[in-house]
Amino acid sequence: MPGNPFRPSFGTSPRVLAGRAGLLDEFDVALDEGPGSPMRSILISGPRGMGKTVVLNELEDRARTRGWHVVRLPEGPGMVEETEQSLLPGLLARVDPAAEQRRVTGGGIHAVGSISTEIDHAYPHTQSLTAMLARLATLAAERGTGVLLTLDEVQSVEVAEVSRLASAYQHLLRDDHEIAFVGAGLPVGIATLLKQRGTTFLRRAERLQLGPLDEAEVADAAVRTVRAAGRVISPEAVRLLVRIAHGYPYLLQLVGYHAWRAAGTDEVITERDVERTREVVVDRMSRLVHTPALLDVPPGQLDYLHAMAQDDGPSATGLVAERLGVSRQHANVVRTRLIARELIAPVGHGLVDVALPYLREHLRRVGE
Ligand SMILES: Nc1ncnc2c1ncn2[C@@H]1O[C@H](COP(=O)(O)OP(=O)(O)O)[C@@H](O)[C@H]1O
Ligand SMILES: [Mg+2]
């Protein structure tokens, strides 16, 4: 049996990309348009599993294809320091002809000098983030390209560090350098960041809420993934997979993975194979998506979610307020916060629905 082509894990790019073409093409255009193009500064928000990291990888590929330098900034604490002290010096030592020369002379003196010593020679740590990025952008411009900075898990970086990055970026923008930035993170983290002073450029960045894929995109990707790996999936099986996945990229991979396994040595993946994935789907979503997503949600908002979970479909906001025994105004405030968290979404006048597949089941399961 050929290897399972589905990748149900976070941060791994799929064999076959579903959808996202519009966004990727817009970014391509922005890279061609030159400095000042709005889509050159993008902040992507979305829940875990919606495909933020995958989009980031794809955008990086688009930039690389155009010969751009891609600088993926380190996640978590120490982002600026690591960028300034090792990431950029290392990159510049490789691409800067001036560094090359100094390396040659340096090599003559210290014949057995390690690479890192040589890099130290060429790019002493005293150079600022802005100076190094400007140098990189200047080198890129000489070749008719630019520099793309990316930052995943934006919410894991200290606000003060993002501010430093923002000010360096701002500086380069002002000087009309060929530079672009794409950040991705959880909705709350992005919102918090935008409220801070010193992150002005982020406020001007294009904000994209990464949403679900549409049914045709999921179906097409499922069929192509299976086919490229040497098997077949029946049309009924595809339809059921689409229904279970709810446009959620992680679920496309998860359902595909388990259906592939359930098919055993058969050449065809059937509807029954897909049907058998339901239990594992709800379980994995609970543990890997919903539990972490609800971890820091305040009690009042959790109560609101539980009150919604009594409904089998969208909830009437008035009714939710009634169930909670609170005023409509108060319920509205809570609702707005949950919408900002991208946990629920308005779906028509006076109606809201949970924004993550199987969140309702999860809430019912964990109880009050
Ligand atoms: N456009 C897509 N097409 C197919 N699979 C995708 C797509 N986007 C994400 N995935 C899959 O979904 C899972 C989660 O994607 P990831 O980018 O890690 O999500 P996030 O960064 O938002 O948490 C991974 O298994 C990935 O392969
Ligand atoms: Mg991610």
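The values are calculated or read from the model by the stated rules, or taken from the named source; none is laboratory data. Bear in mind the structure is a predicted one, so any value in this text is a computation, not a measurement. Cβ coordinates were reconstructed from backbone atoms using ideal geometry, including for glycine residues, and neighbour counts include every protein chain displayed.
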Could you check, for segment 219-240, whether at least one of its residues is under 23 Å from LEU343 (Cβ atoms) and either surrounded by fewer than 22 Cβ atoms within 10 Å (Cβ to Cβ) or within 16 Å of ligand 2 (Cβ to nearest atom) (or both)? no
Picking from PRO8, PRO74, the residue that is within 16 Å of ligand 2 (Cβ to nearest atom), buried (at least 16 other Cβ atoms within 10 Å of the Cβ) and under 23 Å from ALA131 (Cβ atoms) would be PRO74
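Condition check ((1) of a type outside the set (D, E, K, R); (2) assigned to a strand (DSSP E or B)) across all residues:
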site	(1), (2)
ARG135	no, no
LEU139	yes, no
LEU149	yes, yes
GLN155	yes, no
ALA160	yes, no
LEU165	yes, no
HIS171	yes, no
ALA180	yes, yes
ALA184	yes, yes
Could you list all residues from segment 320-368 that are within 20 Å of PRO249 (Cβ to Cβ) and not in a helix (DSSP H, G or I)? ARG341, GLU342, LEU343, ILE344, ALA345, ASP353, VAL354, ALA355, LEU356, PRO357, TYR358
Here the residues within segment 174-192 that are buried (at least 18 other Cβ atoms within 10 Å of the Cβ) and under 25 Å from MET132 (Cα atoms) are HIS177, GLU178, ILE179, ALA180, PHE181, VAL182, GLY183, ALA184
In segment 287-313, what residues are of a type outside the set (Val, Ile, Thr) and farther than 21 Å from VAL352 by Cβ? ARG287, LEU288, PRO292, LEU295
Select from segment 140-162 the residues that are under 20 Å from the mean Cα position of the chain (by Cα) and away from ligand 2 (no atom under 16 Å from the Cβ) and write down the one among them that is farthest from ILE344 (Cα to Cα). VAL147
GLY313 fails exactly one of the following numbered conditions: (1) small (Gly, Ala, Ser); (2) under 28 Å from ARG337 (Cβ atoms); (3) part of a helix (DSSP H, G or I). What is the number of that condition? (3)
Can you tell which of ALA321, ALA316 is surrounded by fewer than 21 Cβ atoms within 10 Å (Cβ to Cβ), within 18 Å of ASP353 (Cβ to Cβ) and touching a residue at least 12 places away in the same chain (Cβ under 8 Å)? ALA316
Need the failing condition index for ARG243 against (1) part of a helix (DSSP H, G or I); (2) in contact (Cβ under 8 Å) with a residue 12 or more places away in the chain; (3) more than 30 Å from ARG337 (Cβ to Cβ), just the number. (2)
Members of segment 265-290 that are without any contact (Cβ under 8 Å) to a residue 24 or more places away in the chain and within 29 Å of the chain's Cα centre (by Cα): GLU279, ASP283, ARG287
Could you check segment 171-190 and list, in sequence order, the residues that are away from ligand 1 (no atom under 16 Å from the Cβ) and either closer than 16 Å to LEU151 by Cα or not assigned by TED's automatic domain parsing to the domain that holds SER45 (or both)? ILE179, ALA180, PHE181
Where in segment 7-109 are there helices (runs of 4 or more DSSP H), lying fully within it, with 1 or more residues that are of a type in the set (Asp, Glu), outside the structural domain of ALA221 (by TED's automatic domain parsing) and touching a residue at least 24 places away in the same chain (Cβ under 8 Å)? 21-33, 52-65
